Amino acid sequence: ATVSVLYCFRETNNTFKGVMPPPNTLISRLSGPLLLMAASVGGAALRELDVIDCTDGRVVNLEIKAGRVVVDDVLEFDTRAYHFEGSANPSVPGSTIKMHPGQQCTLRVTNNLVGTPCNGAHANDYHCPDTHTLHTHGLHVSPSEDNIDTHIEPNGDTHDYVYNIPDAHLMGTHWYHAHHHGSTAMQVGSGLAGMLLMEPHESYSLPADLEELYNDVEYGVPPMLFFHHQLTEFEGDGALFRWISQQELLRRTENNVPLNLNILDPRPGLDFYTVNGQYNPTVTLTQNVATLLRMVHGGGNKHITLTVNSNS
């Protein structure tokens, strides 16, 4: 099953184009909005992830521990997950973190997984499932600040990632994820990833039309994080390349957080995408209104191809 959203923009002649949906999706063109609807499972309105504004000098607390995640009415499972600011609820994907040029943001990561410390060991194989490293994409900061050689060990180890954002840093849509060598794919596949939004500098004036898009409360669409759930075994027996499932990764890393998978609805299968933690959500766009879509693909293996169809 495939999660799909409609990518919509205004051309010079005020026509619109959109992504072709998968076969099990129905597009309904109404007199006002253009609506992407799920034909079967899912279909709830896309919700916005929690946003944490990391303003100058703020310390954002991220705790890593096991938690139980429910994907709508599709399935539930146990996994390693971020818990923000003392929350008892796991965030899969993680909360959206907003940063600002010319300001300092500190992410304090506490690893409360229960496991065997890795003690800085590196090996070219699957190992150390409970040691954590945080890595960002899109930040133009010193390698000593976005340091992938940090090792936040289980059983309560803590590390502060202090990011000094340059004044001239460009605005943008980025992401962060687990990056300990030996367990990166397993931890990202568990849900240890989230969006990172860089705001424009407070002294910078956006062009009027772009500022309107970014601040559109009435017609705006929440930033979207596409996340791949592959809970099956090996895919494509006999193929030259095969995707390794989350269950296989857990086995190879000597996992001590079993999935305890409970399937609530078998129709989506065990290989699908969610958007902002939802299965097959609905995005409503309005005709003759330009819409900004901010998208991040937070998957650990597969890729998504977005195409624009001139007939939509």
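The values are calculated or read from the model by the stated rules, or taken from the named source; none is laboratory data. Note that this is a predicted model, so its numbers are computed, not measured. Here the Cβ positions follow ideal geometry from the backbone for every residue, glycine too, while neighbour counts run over all protein chains shown. Keep in mind that these areas ignore ligands, DNA and RNA; they rest on the heavy atoms of the full protein, side chains included. Shrake-Rupley method; radii C 1.70, N 1.55, O 1.52, S 1.80 Å.
The criterion of being at positive phi and without any contact (Cβ under 8 Å) to a residue 40 or more places away in the chain holds for ASN119. When GLU199 is tested against (1) under 22 Å from the mean Cα position of the chain (by Cα); (2) open to solvent by less than 40 Å² (accessible area, probe 1.4 Å), just one condition goes unmet, and that condition is (2). PRO93 passes every criterion in (1) buried (at least 17 other Cβ atoms within 10 Å of the Cβ); (2) farther than 22 Å from HIS297 by Cβ apart from (2). Of the strands (runs of 3 or more DSSP E) lying entirely inside the range 98-195, those containing at least 2 residues that are in contact with a helix residue (DSSP H, G or I) (Cβ under 6 Å, 6 or more places away or on another chain) and more than 19 Å from ASP53 (Cβ to Cβ) are 172-178.
Quick one: is LEU196 touching a strand residue (DSSP E or B) at 6+ places or on another chain (Cβ under 8 Å), at pLDDT 85 or above and more than 20 Å from GLU63 (Cα to Cα)? Judged against the criteria, LEU196 is not a match.
Among the residues of the range 283-292, the one identified as closer than 22 Å to ASP72 by Cβ and open to solvent by 20 Å² or more (accessible area, probe 1.4 Å) is THR284.
Quick one: would you say ARG47 is surrounded by 21 or more Cβ atoms within 10 Å (Cβ to Cβ), of a type in the set (Lys, Arg) and touching a residue at least 60 places away in the same chain (Cβ under 8 Å)? Before the answer, list the steps.
Values: surrounded by 21 or more Cβ atoms within 10 Å (Cβ to Cβ): no; of a type in the set (Lys, Arg): yes; touching a residue at least 60 places away in the same chain (Cβ under 8 Å): yes.
Considered against the rule, which asks whether it is surrounded by 21 or more Cβ atoms within 10 Å (Cβ to Cβ), of a type in the set (Lys, Arg) and touching a residue at least 60 places away in the same chain (Cβ under 8 Å), ARG47 comes out as no.
Within the set THR106, THR96, the sole residue that is farther than 22 Å from PHE227 by Cβ and hydroxyl-bearing (Ser, Thr, Tyr) turns out to be THR106.
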